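Please read the structure below before turning to the comments.
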Amino acid sequence: MLKGIRENVKYFYVLLVMIAISFVLWGVALPPRESAVYVAEIGDKGITIKDFRMAFERARDNLRGEQFDEEMRRELKKAVLNTLIWENVLLISARDMGLTVTDKELRNAIVNNPHFMRDGLFCSDTYFKVLSINRLTPEMFEASLRQQLLSLEMTRLIGSVVSLNHLPLKEISGKETEITDEIKQLVLSVQRRAAMEAYISSVKQQMNIRVNMDLILPDWTG
């Protein structure tokens, strides 16, 4: 049981990391259909093949050292696409709820990012250098970061409905006295993932979502 929980949590964390490192802008507003082709369309937003490739390459880089066969590559592509769809669903939901990220919150996220620090303090030169290496302008990065913060806030709100008081902890170990903090956090993470999946599934049913898998499978191998 515990092994299964750990495997599920690892998968959930992979998805969250992929969201955090993607640097892919929120799907752009859909132009007339004849002028563009999208991997996926979520409501009034679309994920372009360029968006998908950028996210896939960053996810693959993050798993550097892993041996990828064709089946693993296909599964990673599916996971990346699902993550991008999830992110857009969360962002649309946040927009509909009127949630926003203030300029102060955005600034705090930037200046407290360890990747932009030198000797423990925010360094603007380092900030611009990191963005340049990733082929990003400050405007692109800050727009993407604002959306990531919104996505994380929605994730937090959805996960907040789950508490340890309502988890079946006794069923896992048999004795509540033997339940460690690690087990509690693992179970809590799995339950929060389940809550997230249930929410996303419910919202997706109310949205007009179209996916064109032929654009990435099997023709494009990355």
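Scanning region 108-121 for any residue that is surrounded by fewer than 16 Cβ atoms within 10 Å (Cβ to Cβ), in contact (Cβ under 8 Å) with a residue 24 or more places away in the chain and not in a helix (DSSP H, G or I) turns up nothing. Looking only at residues in region 179-191 that are free of Cβ contacts under 8 Å to residues at least 60 places away in the same chain, in a helix (DSSP H, G or I) and of a type outside the set (A, V, I, L, M), which one is nearest to residue 154 (Cα to Cα)? If we take residues in region 179-191 being free of Cβ contacts under 8 Å to residues at least 60 places away in the same chain, in a helix (DSSP H, G or I) and of a type outside the set (A, V, I, L, M), then 191 is nearest to residue 154 (Cα to Cα). Scanning region 53-94 for residues that are without any contact (Cβ under 8 Å) to a residue 24 or more places away in the chain, part of a helix (DSSP H, G or I) and farther than 16 Å from residue 217 by Cα gives a single hit, 61.
Conditions tested, residue by residue: (1) modelled with pLDDT under 90; (2) of a type in the set (Lys, Arg); (3) out of contact with any strand residue (DSSP E or B) (no Cβ under 6 Å at 6 or more places or on another chain).
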residue	(1), (2), (3)
68	yes, no, yes
71	yes, no, yes
75	yes, no, yes
88	yes, no, no
111	no, no, no
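Just one of (1) of a type outside the set (Lys, Arg); (2) part of a helix (DSSP H, G or I); (3) at pLDDT 85 or above fails for residue 101. It is (2).
For region 163-182, which residues satisfy the criterion of being of a type in the set (A, V, I, L, M, F, W, C) and modelled with pLDDT of 70 or more? Within region 163-182, none qualify.
The values are calculated or read from the model by the stated rules, or taken from the named source; none is laboratory data. Keep in mind that this is a model prediction, so the values were computed, not measured. As a convention, Cβ positions derive from the backbone with ideal geometry for all residues, glycine included, and neighbour counts pool all protein chains shown.
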